[in-house]
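Asks: So that we are looking at the same thing, I have put the structure below in structure tokens.
The values are calculated or read from the model by the stated rules, or taken from the named source; none is laboratory data. These figures come from a predicted structure and were not determined experimentally. Here the Cβ is made from the backbone with ideal geometry for all residues, glycine too, and neighbour counts use every protein chain on show.
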Amino acid sequence: MNLNSTVYKRMPSRDLADDLDRGDDASAALVSVVDQNSGNPSWKLSLPHVCVATISSFLFGYHLGVVNEPLESISMDLGFAGNTLAEGFVVSMCLGGALIGCLFSGWISDGIGRRRAFQLTALPMILGAFLSASSRSLEGMLFGRFLVGTGMGLGPTVASLYVTEVSPPMVRGTYGSFIQIATCLGLIAALFIGIPVKEVVGWWRVCFWVSAVPAALLALCMEFCAESPHWLYKRGRIGEAEVEFERLLGGSHVKSAMAELSRSDRGDDSESIKYSELFYGRHFRVVFIGTMLFALQQLSGINAVFYFSSAVFRSAGVPSEIANVCVGFANLSGSIIAMLLMDKLGRKILLLGSFLGMAASMGLQVVATTLHHQDSWHVYLSVGGMLLFVLAFALGAGPVPGLLLPEIFPNKIRAKAMALCMSVHWVVNFFVGLLFLRLLEQLGAKMLYSMFASFCLTAAIFVGKNVIETKGKSLQEIEISLLSAV
């Protein structure tokens with residue numbers, strides 16, 4: 001049965017706009033009638049668009065891990081072997097670029113649309129990969145890493161926006177988990193591609209060349225994907241939003257989706273919001289929740305654990321390659337479990353359980369440091385605690401914020417608010433990575449791990465008091481419930 005021809009007949013955009021403006025009661029009745037007649041939208045229509053979008057997350061994970069294995073070979077070939085400061089810059093230069101890209105992501109995704117923003121993300125990643133692969137000096141490598149970083153900063157923000165806006169409500173959590181899974185796969189791919197680097201001369205250049213392929217694929221495939229109907233509606237392109245909703249949800253759900261957009265948009269002016277307006281007024285509460293979630297996510301110590309994992313495993317006699325595989329497997333396993341549970345248990349439950357699990361895992365690390373001089377059990381506790389910490393992170397604290405925040409941000413502020421929150425993520429991430437070894441030296445492992453556990457408990461309390469459940473709700477229902485609580 002062809003739903004497009006029997007249930008839904010496209011209206012001219014002007015007629016549809018007039019129909020949507022008849023009033024809240026009429027719109028609500030329209031939503032109810034259409035939903036009763038047609039049920040939930042098919043997830044199959046939006047799936048290809050979501051899969052293409054997550055290529056940017058794969059690239060994000062790949063470039064985070066691409067220099068881990070080849071770093072020694074890179075330093076020898078480019079003439080800075082033994083210079084730990086230069087090696088640190090090669091690893092972290094992409095973080096500086098990511099902050100720049102993230103700061104401009106709101107303007108870019110609002111100005112040119114989500115699809116074009118994805119394609120713009122691919123451009124510096126391709127150029128940066130070429131520069132890194134062909135560099136003959138440290139300066140060339142650093143510039144290539146910086147360019148890649150700008151794409152890394154832009155990509156995750158746009159991916160979170162796009163996946164949230166094109167997904168049907170009943171699978172939005174599952175699709176949002178694809179972002180974390182793609183990031184994990186990117187990290188694992190970087191690990192495996194880097195394995196021959198010690199045996200094959202110049203293999204590190206191949207590691208960078210390879211990354212240009214998925215970046216080019218993202219730019220090409222996005223040309224055939226749907227634009228976000230929410231962005232089109234926000235720009236006043238109602239007819240085009242209607243067409244894209246039909247591609248993503250099916251013809252029978254277009255009227256209900258457009259009616260909900262009209263209800264949430266009513267009373268808002270169409271002018272673009274300024275960044276300064278995010279810090280006061282009715283939008284401050286949701287922006288505060290978003291920035292705190294990302295700050296607490298990084299203050300939990302997750303990236304410090306990733307940075308320090310190889311040393312911990314080596315102390316137990318486990319080679320670093322196996323250590324990275326174990327950590328990657330724990331991360332991927334948790335992300336897959338989160339995907340299966342996101343639309344069943346809900347976002348808030350996963351966040352609470354994740355932060356509490358991370359706190360308990362850090363507690364094991366504290367116990368391990370206490371038993372350091374007594375017996376060999378401290379090694380097993382430390383390794384086990386680290387793997388459990390990564391697993392708990394992947395169950396909620398990793399994937400949920402990137403999905404939850406675009407859900408709770410109104411359409412009017414969504415792009416700029418996500419850019420602000422992701423900027424906080426990058427800044428805190430940078431300082432945790434910068435200060436971790438110094439704090440470990442000054443405070444000791446026991447005190448530092450206790451601090452991380454305290455931040456995890458603080459995060460759980462914050463989630464319990466401030467985060468609302470968004471499972472199964474439309475973006476417009478979430479917006480109305482939050483604004484009514486202000």
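Asks: Which members of the stretch 322-377 meet the condition of being hydroxyl-bearing (S, T, Y), surrounded by 17 or more Cβ atoms within 10 Å (Cβ to Cβ) and either under 27 Å from S167 (Cβ atoms) or touching a Leu at 6+ places or on another chain (Cβ under 8 Å) (or both)?
Replies: Listed by number, the residues that qualify are S335, S354, S361.
Asks: Taking the stretch 229-262 as the search range and keeping residues that are among the small types (G, A, S) and in a loop (DSSP other than H, G, I, E, B), which one is surrounded by the most Cβ atoms within 10 Å (Cβ to Cβ)?
Replies: G250
Asks: Closer than 30 Å to N40 by Cβ, free of Cβ contacts under 8 Å to residues at least 60 places away in the same chain and part of a helix (DSSP H, G or I): which single residue out of A159, A86, A117 fits that description?
Replies: A117
Asks: Still on this model: Confirm whether S42 is of a type in the set (G, A, S), buried (at least 18 other Cβ atoms within 10 Å of the Cβ) and out of contact with any Cys (no Cβ under 9 Å at 6 or more places or on another chain).
Replies: no
Asks: Can we say S450 is over 18 Å from the mean Cα position of the chain (by Cα), in the same structural domain as D343 (by TED's automatic domain parsing) and either among the aliphatic types (A, V, I, L, M) or over 16 Å from M292 (Cβ atoms) (or both)?
Replies: Here the answer is yes, as S450 does meet what is asked.
Asks: Do you know which residues across the stretch 138-155 are surrounded by fewer than 24 Cβ atoms within 10 Å (Cβ to Cβ) and under 14 Å from the mean Cα position of the chain (by Cα)?
Replies: none
Asks: Quick check on this structure: which one of A219, A190, A212 is in contact (Cβ under 8 Å) with a residue 24 or more places away in the chain, assigned to a helix (DSSP H, G or I), surrounded by 24 or more Cβ atoms within 10 Å (Cβ to Cβ) and of a type in the set (A, V, I, L, M, F, W, C)?
Replies: None of the others qualify; the one that does is A190.
Asks: Answer yes or no as to whether I181 is buried (at least 19 other Cβ atoms within 10 Å of the Cβ), closer than 30 Å to G39 by Cα and in the same structural domain as F60 (by TED's automatic domain parsing).
Replies: Yes, satisfied.
Asks: For residues that are closer than 12 Å to M76 by Cβ and touching a residue at least 12 places away in the same chain (Cβ under 8 Å), scanning just the stretch 193-207, find the one that is surrounded by the most Cβ atoms within 10 Å (Cβ to Cβ).
Replies: W204
Asks: Need pairs with beta-carbon distance below 6 Å; first residue within 20 Å of A53 (Cβ to Cβ) and in the same structural domain as I100 (by TED's automatic domain parsing) and within the stretch 134-153, second of a type in the set (F, W, Y) and assigned to a helix (DSSP H, G or I); sequence gap 6+ or separate chains.
Replies: M152/F60
Asks: I need the helices (runs of 4 or more DSSP H) fully contained in the stretch 379-486, keeping only those with at least 3 residues that are surrounded by fewer than 23 Cβ atoms within 10 Å (Cβ to Cβ).
Replies: In the stretch 379-486, the matching helices (runs of 4 or more DSSP H) lie at 414-443, 445-466, 475-485.
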